[in-house]
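What follows is a set of notes on a single structure, which appears directly below.
The values are calculated or read from the model by the stated rules, or taken from the named source; none is laboratory data. Since the model is a prediction, treat every value here as computed from it, not as a measurement. Quick reminder, even Gly has a Cβ in these numbers, built from the backbone with ideal geometry, and neighbours come from all protein chains shown. Heavy atoms of the whole protein, side chains included, go into the accessibility calculation; ligands, DNA and RNA do not. Shrake-Rupley method; radii C 1.70, N 1.55, O 1.52, S 1.80 Å.
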Amino acid sequence: MARVSQEHLDARRRQILDGAARCFARNGFHATSMQDILRESGLSAGAVYRYFRSKEELIEAIADEAFTGIRAAFTEAARTTPPPTPDVLLGRVLRKLLVDEVPGGDARSFARLVVQVWTETLRNEMLAATLAQGYDGMRLAWAELVHAYRAAGQMESDVDADHIARTLIATAQGFIAQQALFGDVRPDILEDGLRALMSMQDPKIS
């Protein structure tokens, strides 16, 4: 019997996650059944359950995948000299998440899914733990980037690095919420807005 390649396994897992993301975004987490996901992905029950035993595991995998991609972008940025400014980096991360590599293929649907995941954490302790771990990881990654900004002479502020990290995370979350509620929110809009705010000067300082 021929051995199945890792590439094939990864592609099958991707197929399941994309199908689940489309179902969750379209019907809501609770209204979606595993049968819905089987139909959407075009796979048999055995093929899907080989990777994921429940809807909860699927949503946790989608959330973890998003956090992993974001953390990787921040880690790479922190190693760059000089590191990209917040407007460039946030635009790059959100473009990857909502344009280039959108789970399920539709930016607004995926943004709605993210908002649903936030809501689900209020009642699902396992999912809440997954998101808390991802959030803590992003705070650390942003804080590391703030230290890189200071080392490169790009930031003189003595504000706590974690405070800056929380603010930038909130900016990204707000962008995703706007995309979910209203649509047509492009990453370049965020980049332009942040760039303009970063250019402000205190008129009292001569």
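Brief remarks follow.
- Shape category assigned to the range 82-158 from the gyration tensor of Cα positions, a/c cut at 1.5: oblate
- Angle in degrees between helix 86-95 and the longest Cα principal axis of the chain, rounded to the nearest 10: 10
- GNM result for the chain, Cα springs below 10 Å: residue of Ala151, Ala143, Ala128 fluctuating most strongly: Ala151
- Shape call, the range 137-206: gyration tensor on alpha carbons, a/c limit 1.5: oblate
- Rg to Rh, two decimals, where the range 1-151 supplies the alpha carbon set and Rh follows Kirkwood: 1.02
- Gyration tensor (alpha-carbon) shape descriptor, the range 62-122, a/c threshold 1.5: prolate
- Checking every one of the trypsin sites (Lys or Arg not before Pro) in the range 21-129 against DSSP loop status and a limit of 14 other Cβ atoms within 10 Å picks out Arg50, Arg53, Arg79, Arg123.
- The chain, relative contact order [Cα under 8 Å, separation at least 6], %: 24
- Accessible area expressed per residue, the range 35-186, with surrounding protein chains retained (probe 1.4 Å, Å²): 52
- Fraction of accessible area attributable to carbon and sulfur, the range 63-206 (%, probe 1.4 Å): 55
- Adding -39500 (n - 2.57) for every DSSP H run of four residues or longer, then dividing by how many residues the chain holds, sets the calculated 222 nm ellipticity at -23000 deg cm²/dmol.
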